[in-house]
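Below is one structure, written out as structure tokens, with a few remarks after it.
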Amino acid sequence: DGQELFVTGGQVRKYVLHHYEHPAHGSNGWDLATEASPESVKLIILQGKRSGILPEDVSVKETSNKFHNLEIVFGTNTYPLSTFPFVNFQNAPRMYLQSMKQNFTANALYYSPKEKKIFDFHGGLADLKRQIARPIGNYKKKLSENPLYPLILVRTHAMMNHSGVESIEDELKNEISNFEIPRNTDPKLIRDEFIRGLKSSLNKQKYVQILSDLGLLRQVFHGLKTQPHAKISDAKITASIIAQILEPNVPNFNGVHEQLLQLGYPITEANSITFLLRLPYYSDSNAQDFNHDRIRSSISPTTIKQFIRINNLKNGNWIKSQLSTNNIKQEPTVPQSNEPTQNNSFLNMLNNYFEHIFCINL
């Protein structure tokens, strides 16, 4: 309809990192931006449905999200969409005004399929080449506005960098080291941000060490002892990693469990972490407890065996024999996905589209 659509956020960041031959963590979805107004977007979607270009299940809804004001819902997929502001656009490009809302330069890149180039207002391309997370604007103000900002910065850094705290700029490093997350911050938000960092970091060991070096790990696990130098594998099961971080609390298992609940961890996850911490202490004398705790957790036999191998548990053979008995809950089967087929999926359509035309001018 004469309006241009841009790709921004994680997909562009990942593509640029690959261009520089740097490893990059995959993005969870497509963040989009447009010069069209919200009213125009809604009208375009409506016209597309009426003309049969778009199926009936496509819809647009407004959000109060800081980084995007609309969401396109297409079947089971949701696509964040930001519209460029019209305020003072005579004095500054509207795309630039939108980019100022981002936290970091690496996330403020806009790819134009029409012009086949990337727009960069804040040196994000250079920062990606150096693999650093550099804030946009006054980071001291950002710290005062968002108590999770230090955790977000470390997560962004760890998504594109294997190195430790030494690669973070000194001034920013010193500012974060003196920052205390307010005690009235929702503990579940802290937990969720930490888990995002674990899942997206290229090197989980370095991610945990950076948090420890900046004084953030003790705040993430307030009230618990932590071991930042434990053997942390790249296992996808976060409970296994957390159990290794919290190993200094052994044998205070009940205390760990209760504190995890207070820190916003779901009960099944708290059960899983505590169960893994208990593993070295199970034997014939408490085999019934092992079976009971195993069922209450969500830990699979595969993860248990991996934990035994990483930590070289002396009772590993005994645990494996218990896993082979019939009274242990079997590993759950993976449910079939309800994702649309390739022909009907907007996500696959976008992926196929950009696979053919995605190029970059640097």
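The values are calculated or read from the model by the stated rules, or taken from the named source; none is laboratory data. Note that this is a predicted model, so its numbers are computed, not measured. Virtual Cβ from ideal backbone geometry, glycine too; neighbours counted across all protein chains shown. Heads up: the accessible areas ignore ligands, DNA and RNA and are worked out on the full protein's heavy atoms, side chains in. Shrake-Rupley method; radii C 1.70, N 1.55, O 1.52, S 1.80 Å.
L323 falls short of the stated requirement of being touching a Phe, Trp or Tyr at 6+ places or on another chain (Cβ under 9 Å), modelled with pLDDT of 55 or more and farther than 30 Å from V7 by Cα. Scanning the stretch 26-61 for residues that are surrounded by fewer than 16 Cβ atoms within 10 Å (Cβ to Cβ), in a strand (DSSP E or B) and among the small types (G, A, S) returns a single hit, S59. Residues of the stretch 180-210 that are under 13 Å from H229 (Cα atoms) and among the aromatic types (F, W, Y): Y207 alone. Pairing each residue of the stretch 258-272 that is over 13 Å from I195 (Cα atoms) and in contact (Cβ under 8 Å) with a residue 12 or more places away in the chain with any residue that is of a type in the set (G, A, S) and part of a loop (DSSP other than H, G, I, E, B), provided the two are 6+ apart or on different chains, yields C-beta distances under 6 Å for Q259/G223; T268/S298; N271/S297; S272/S297; S272/S298.
One line per residue, one yes/no per condition, for (1) modelled with pLDDT of 90 or more; (2) farther than 30 Å from N161 by Cβ; (3) among the β-branched types (V, I, T):
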site	(1), (2), (3)
G29	no, no, no
L43	yes, yes, no
L54	yes, yes, no
V73	yes, yes, yes
F89	no, yes, no
A108	yes, no, no
Y111	yes, no, no
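Identify the residue in the stretch 282-305 that is β-branched (V, I, T) and surrounded by fewer than 16 Cβ atoms within 10 Å (Cβ to Cβ) and, among all such residues, is farthest from L260 (Cα to Cα). My answer is T302. The listed residues are L279, L246, L260, and the only one of them that is open to solvent by less than 30 Å² (accessible area, probe 1.4 Å), over 28 Å from the mean Cα position of the chain (by Cα), closer than 25 Å to V220 by Cα and not basic (K, R) turns out to be L279. Taking helices (runs of 4 or more DSSP H) as the structural unit, no element lying wholly within the stretch 213-328 holds at least 3 residues that are of a type in the set (F, W, Y). Does T274 satisfy the criteria of being among the β-branched types (V, I, T) and more than 22 Å from the chain's Cα centre (by Cα)? So T274 fits the description; yes. Consider T63 carefully, then state whether it is polar (S, T, N, Q) and without any contact (Cβ under 8 Å) to a residue 40 or more places away in the chain. Taking the combined requirement at face value, the residue satisfies it.
If only residues of the stretch 152-205 that are open to solvent by 80 Å² or more (accessible area, probe 1.4 Å) and assigned to a helix (DSSP H, G or I) are counted, the one that is nearest to Y139 (Cα to Cα) is E171. Listed by position, the helices (runs of 4 or more DSSP H) contained in the stretch 69-145 that have at least 2 residues being out of contact with any Lys or Arg (no Cβ under 6 Å at 6 or more places or on another chain), within 19 Å of A36 (Cα to Cα) and not hydrophobic (A, V, I, L, M, F, W, C) are 94-99.
Quick check on my filter: what residues within the stretch 1-25 are among the charged types (D, E, K, R), under 19 Å from T105 (Cβ atoms) and either open to solvent by 50 Å² or more (accessible area, probe 1.4 Å) or without any contact (Cβ under 8 Å) to a residue 60 or more places away in the chain (or both)? Once the filter is applied, which keeps residues that are among the charged types (D, E, K, R), under 19 Å from T105 (Cβ atoms) and either open to solvent by 50 Å² or more (accessible area, probe 1.4 Å) or without any contact (Cβ under 8 Å) to a residue 60 or more places away in the chain (or both), the stretch 1-25 yields only K14.
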